[in-house]
């Protein structure tokens, strides 16, 4: 039974790797099952044994990315509002730059995936974030902080990491802190 499980994991990894490689070459919407199968060196039956379509593969890549991100971040200070935490996350992004570039920097192609990734990360971090404003206001403030921070991240990736992690972390922290301080007044 273990052999079958290992084989399934390997097959799915081949398919996910093929998807990422193809996404480096063309938009996700232009990738066909046939191309995925050829690149992964599998037949269509094998593909459909594991996935329903290309979106299912992309969803699994996203879930794996969220899981790996949270595993990496668990050893960092649990206070998500610290510069060290932000800097550690930025180091993780730079270390996995090829994956983040192909998934998030495709000219709007993957905006839905970016939003889903952000929501999943926020869900994991939420217990460690300070409260902002009233209960009703908080979701708006968190949304603004997350989307703003995420777009700083995207700009940094698109600019090929032109600033050091520490400087970008300080920038994000300062902007978020200014907003949250303003909310407390």
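Things to note:
- Efficiency of FRET from Cβ geometry, residue 136 and residue 99, R₀ 35 Å, rounded to 0.05: 0.45
- Calculated FRET efficiency for the pair residue 11/residue 161, C-beta based, R₀ 30 Å, to 0.05: 0.35
- Once both labels are positioned 7 Å from their Cα atoms along Cα-to-Cβ, the gap between residue 170 and residue 53 label points is 4.8 nm.
- Calculated P(r) tail over 14 Å for the stretch 2-51, as whole % of Cα pairs: 48 percent
- Computed lengthening from residue 84 to residue 123, 0.36 nm per intervening residue step minus Cα-Cα distance: 12.1 nm
Readers should treat all values here as calculations from the given coordinates under stated rules, not as data from a laboratory. Here the structure is a predicted model, which is why all the values come from computation and not from measurement. Positions of Cβ are generated from backbone atoms using ideal geometry, with glycine treated the same way; all protein chains shown enter the neighbour counts.
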